[in-house]
Amino acid sequence: MYALIYDNQNPAQLLKQVISVHRSRKTAENALFKRMKRLNKRVWQCYTRIVWVDGQVKTNDLLNPSMFSAWRKGEKIPWGELYSDCD
């Protein structure tokens, strides 16, 4: 399942709080866009990202990095995520 997590990129803070849970990446992306609009911030300013979680999670659960990944196994990863567009 997909989850939106709060991730402020602080290496000292390993546990990430689940903001919301979704059955598809599409609904997770919609939730992220709504959050950005509600906060009136860009994605990197929201400290929010979409992750894939094996197993059941619910809102406000805390996840450590070993419990999630950026992409579901077998999911097609967009070209722009695989290769940098700068030197």
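Derivation of every value follows stated rules applied to the coordinates shown; laboratory data play no part. It should be emphasised that the depicted structure is a prediction, and the values quoted were computed from it without experimental measurement. So basically every Cβ, Gly included, is an ideal-geometry build from the backbone, and we count neighbours across all protein chains shown.
Worth a mention:
- When you count the other C-beta atoms within 10 angstrom of each residue and take the mean per peptide, 24-33, 9-18 line up highest first as 24-33, 9-18.
- Those chymotrypsin sites (Phe, Trp or Tyr not before Pro) in the range 43-87 that DSSP places in a loop and that have at most 11 other beta carbons within 10 Å: Tyr83
- Close amide H contacts of Asp61 (hydrogens built in the peptide plane, cut-off under 5 Å, sequence separation of 5 or more or a different chain): Val18.
- About the Cα centre, charge dipole magnitude for the chain (Lys/Arg +1, Asp/Glu -1 at Cβ), debye: 500
- Length gained on full extension, Arg35 to Asn8: 8.2 nm, using 0.36 nm per residue less the C-alpha separation.
- Phi-based couplings in Hz for the range 9-24 (Karplus 6.51, -1.76, 1.60; Gly and Pro marked x): 6, 8, x, 6, 9, 7, 7, 10, 7, 7, 8, 7, 10, 9, 7, 9
- Contact order for the chain, expressed relative to its length and based on alpha carbon pairs under 8 Å spaced 6+ residues apart, stands at 34 percent.
- Cα lying deepest toward the dipole's positive end in the chain, options Thr48, Asn8, Pro78, charges on Cβ: Thr48
- Rounded to whole Å, sorted largest first: equivalent-ellipsoid semi-axes of the chain, Cα gyration tensor: 19, 17, 15
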